[in-house]
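Participant: Just dropping this structure here.
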Number of protein chains: 2
Amino acid sequence: MKRPTIRDIAQAAQVSHATVSRALRNSSLVKSETTEIIRRIAEESGYRPSAAARSLVTRKTNLIGVVVTNIADPFVAEIVSGIEEMADEHAYSVYLANSNADSDRELRVVRGFEERSVDGIIVTSSRVGAVYVPLLSQMRVPIVLVNNQHPAEFTHSVMIANFQASREITRHLIQLGHKRIAYIGDKSGYQSDTDRFGGYRSALDESDLPFTPEYVVHGDSKPESGRIATEHLLRLAQPPTAIFCYNDMTALGALKAIRTGGLCVPGDLSVAGFDDLFLAQYTEPPLTTIRQPRHEMGRLAMETLLKLMNGSTSEQNFQVPGELIIRQSTAPPKATEP
Amino acid sequence: MKRPTIRDIAQAAQVSHATVSRALRNSSLVKSETTEIIRRIAEESGYRPSAAARSLVTRKTNLIGVVVTNIADPFVAEIVSGIEEMADEHAYSVYLANSNADSDRELRVVRGFEERSVDGIIVTSSRVGAVYVPLLSQMRVPIVLVNNQHPAEFTHSVMIANFQASREITRHLIQLGHKRIAYIGDKSGYQSDTDRFGGYRSALDESDLPFTPEYVVHGDSKPESGRIATEHLLRLAQPPTAIFCYNDMTALGALKAIRTGGLCVPGDLSVAGFDDLFLAQYTEPPLTTIRQPRHEMGRLAMETLLKLMNGSTSEQNFQVPGELIIRQSTAPPKATEP
DNA sequence: CTGAAAGCGCTTACAG
DNA sequence: CTGAAAGCGCTTACAG
């Protein structure tokens, strides 16, 4: 038994298929009794309109494409969840694709979006850089970037206020009395690393604390590299008393290295992260960090995209403030020195 | 400048649009020079075939729909990642939708899949129960379930061998010398809870350990309820010396309750989880648990779906073995008693 | 090897 | 209020 079409219903209802189409779309043109009959028949026969056929003529798919670096990344997943929620509220569906931070794959993915005629695109943590920007702007489809990692600003974007948040958490460490504060950054050249480093430096400067280049180490944002970077810092002649990490994943490795080294957090050393992943509440000790409102950022990105799809052309760049979450991984330094 | 169609290219190449269609699909019917010319023009004009138009005639969309309870759930995200990877290898795209474990939403989502004419569907952790099963079987599209939570077996599914894995981890606790082992389960009536509880009981039975009903408590699979359940267990006149939790999230709460109660893991109490979420490596102490090969399970589900889409009708029920991962949260009980 | 024609399942002016 | 007709962008027998 094949899927019924509008014509099958027309036949059963003894009307033209045009009338069925109108009735199903709730057109006021159709007599209400006729509509009634048609809808009943459609219901009974399990009719489902063909999105492909409809979109072919309306030139609208109610589909939006979301490119993510990796859906298994907990950071990304919550943004997608926010996008999906807002999309759903406006009758859009989400078509998702991983880029795995691979540029070839990312291009294929975007091409796939074009072929599927998505009405809009959201790219999270786009990291493909230069190649990608012109391609994006060539596209005939509105695009919103979330946490764009290009130095060049994109026209429509939602991102966390990295500089301010980073300055705030560094200030927090300074207020606790720390003077030797390390930063474990990311070496991949992300804009967010540049900005977080900037906030860190700015906080040091405003408190007249010296900037010590050897307190800045770079990893790859994963726990293992955070561990290695921390071991390195601990071996310094004059080790830091606090470590601010580019993200929570890095902080995870830092905590491990410190514990392995027989030291205590925050007794011997304070550690701060960035992101407020779910697990930040469950580390030992729970992690002081910056909360990125990921779900809301996803919603905002989708909201922005909705405006663009409705014809708005105004520039939309949102800087979302991060929130300092103080937990137990930060405390005053030991009072063993002058 | 509108998107070029097959007709625009035909005009430029001075051939019929049928020939263009063939050339682009690499038909051997077309003279290779002609193909060459056509492909070049298509390339230059940035032509993208319309998936909607094509699928309307081929009746194939190369789209598969994936229903998840919640994409932000780390457990789910890795399954999706495996699905996506395998799908991509076979030129399928993934169309994703959250059900939020809400049956109305789940039904809408599935209806959306139908309208978009997906070629196949994968449902992860389907929890909608009775209503859903007949609906699924009505559909004209092949469906594979991952970690199906209906008591009734579905024809095509991939799931973890809950009973065996649970028995294995309980045996591990028994071998360490534990005799008073608690189980914190899930109260929502998931099949996986029933099976894990079954494995737990079976391990007790085969070692002639008494089954103590008061050692079985039920939560909602989240940390907070794990914490509450554990506090309850600790207040028993004769508290358990080990706790096996339905999942890692529950174990997270258990660890917290034990720490708050001033006790040590594994010194005073052993804790085991299930799932091996990423964070299980980073709890304090790192968690003994059962690894579910989520990525592989996603790949397997997609592979199964591919077979079904290619016309196979044979029953495909895969029980994937879990792997016992022994970390530091389990150890022999204190030797303070006979 | 190529083209003309029909058709996939819809929507929407246009006429009545 | 309703129907006949054209068309969205493709694919694919059918003829040549």
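Participant: Could you say whether any residue in region A:278-287 is at pLDDT below 95 and closer than 30 Å to A:LEU63 by Cα?
Facilitator: yes
Participant: May I pose another question? If I ask for residues that are in a loop (DSSP other than H, G, I, E, B) and away from DNA strand D (no atom under 16 Å from the Cβ), which ones from region B:51-70 would you list? Walk me through how you get there before you give the answer.
Facilitator: Residues of region B:51-70 that are in a loop (DSSP other than H, G, I, E, B), as a first pass: B:59-62, B:69-70.
Hits for region B:51-70 are B:THR69, B:ASN70.
Participant: Kindly indicate whether A:ALA87 is more than 16 Å from DNA strand D (Cβ to nearest atom) and either within 13 Å of the chain's Cα centre (by Cα) or not in a helix (DSSP H, G or I) (or both).
Facilitator: no
Participant: Same structure again: Conditions first: (1) closer than 22 Å to A:SER55 by Cβ; (2) at pLDDT 85 or above; (3) more than 9 Å from every other protein chain (Cβ to nearest Cβ). B:ILE83 passes all but one, so which condition is the exception?
Facilitator: Exception for B:ILE83: condition (1).
Participant: Quick one: which strands (runs of 3 or more DSSP E) lie wholly within region B:280-335 and hold at least 3 residues that are within 23 Å of the chain's Cα centre (by Cα), more than 30 Å from B:ASP268 (Cβ to Cβ) and more than 14 Å from every other protein chain (Cβ to nearest Cβ)?
Facilitator: Because the criterion is at least 3 residues that are within 23 Å of the chain's Cα centre (by Cα), more than 30 Å from B:ASP268 (Cβ to Cβ) and more than 14 Å from every other protein chain (Cβ to nearest Cβ), the strands (runs of 3 or more DSSP E) in region B:280-335 that meet it are B:316-320.
Participant: Answer with yes or no whether B:THR260 is within 11 Å of chain A (Cβ to nearest Cβ) and modelled with pLDDT under 95.
Facilitator: Criteria not met by B:THR260.
Per-residue answers, yes or no, for (1) outside any strand (DSSP E or B); (2) surrounded by 22 or more Cβ atoms within 10 Å (Cβ to Cβ); (3) more than 14 Å from chain A (Cβ to nearest Cβ):
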{"residue": "B:PRO240", "(1), (2), (3)": "yes, yes, yes"}
{"residue": "B:ILE243", "(1), (2), (3)": "no, yes, yes"}
{"residue": "B:ALA251", "(1), (2), (3)": "yes, yes, no"}
{"residue": "B:LYS256", "(1), (2), (3)": "yes, no, no"}
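Participant: Then there's this: Is there any pair with a first residue in region A:32-49 that is closer than 11 Å to A:VAL20 by Cα and a second that is near DNA strand D (Cβ under 9 Å from one of its atoms) and in a loop (DSSP other than H, G, I, E, B) whose Cβ atoms are under 9 Å apart and which are 6 or more apart or on different chains, and what are they?
Facilitator: From residues that are closer than 11 Å to A:VAL20 by Cα, the pairs are A:THR34/A:VAL15; A:THR35/A:SER27; A:ILE37/A:GLN14; A:ILE37/A:VAL15; A:ILE38/A:VAL15; A:ILE38/A:VAL30.
Participant: Tell me yes or no: at least one residue of region A:10-31 is more than 29 Å from the chain's Cα centre (by Cα), of a type in the set (Ser, Thr, Tyr), surrounded by fewer than 18 Cβ atoms within 10 Å (Cβ to Cβ) and more than 9 Å from DNA strand D (Cβ to nearest atom).
Facilitator: no
Participant: Kindly indicate the residue of region A:26-50 that is farther than 26 Å from B:ALA53 by Cβ and in a loop (DSSP other than H, G, I, E, B) and also farthest from DNA strand C (Cβ to nearest atom) among those meeting that condition.
Facilitator: Ranking the qualifying residues of region A:26-50, first place goes to A:SER28.
Participant: Give just the number: which of (1) near DNA strand C (Cβ under 9 Å from one of its atoms); (2) more than 22 Å from B:VAL110 (Cβ to Cβ); (3) more than 14 Å from chain B (Cβ to nearest Cβ) does A:VAL57 not satisfy?
Facilitator: With (1) near DNA strand C (Cβ under 9 Å from one of its atoms); (2) more than 22 Å from B:VAL110 (Cβ to Cβ); (3) more than 14 Å from chain B (Cβ to nearest Cβ) applied to A:VAL57, the lone miss is (3).
Participant: While we're looking at this one, here's another question. Could you list all residues from region B:38-50 that are buried (at least 17 other Cβ atoms within 10 Å of the Cβ) and away from DNA strand D (no atom under 11 Å from the Cβ)?
Facilitator: B:ILE38, B:ARG39, B:ILE41, listed by residue number.
Participant: For B:ALA23, indicate whether it is more than 7 Å from DNA strand C (Cβ to nearest atom), in contact with a helix residue (DSSP H, G or I) (Cβ under 9 Å, 6 or more places away or on another chain) and aliphatic (A, V, I, L, M).
Facilitator: Numbers: more than 7 Å from DNA strand C (Cβ to nearest atom): yes; in contact with a helix residue (DSSP H, G or I) (Cβ under 9 Å, 6 or more places away or on another chain): yes; aliphatic (A, V, I, L, M): yes.
Yes, satisfied.
Participant: Something else about it: Can you give me the number of residues within region A:1-25 that are within 14 Å of chain B (Cβ to nearest Cβ) and either out of contact with any Lys or Arg (no Cβ under 7 Å at 6 or more places or on another chain) or not in a loop (DSSP other than H, G, I, E, B) (or both)?
Facilitator: Result for region A:1-25: 7.
Participant: Which one is surrounded by the fewest Cβ atoms within 10 Å (Cβ to Cβ) among residues in region B:86-123 that are polar (S, T, N, Q) and more than 8 Å from every other protein chain (Cβ to nearest Cβ)?
Facilitator: B:SER103
The values are calculated or read from the model by the stated rules, or taken from the named source; none is laboratory data. Computed from a predicted structure; not experimentally measured. FYI the Cβ positions are ideal-geometry reconstructions off the backbone, even for glycines, and counts take in every protein chain you see.
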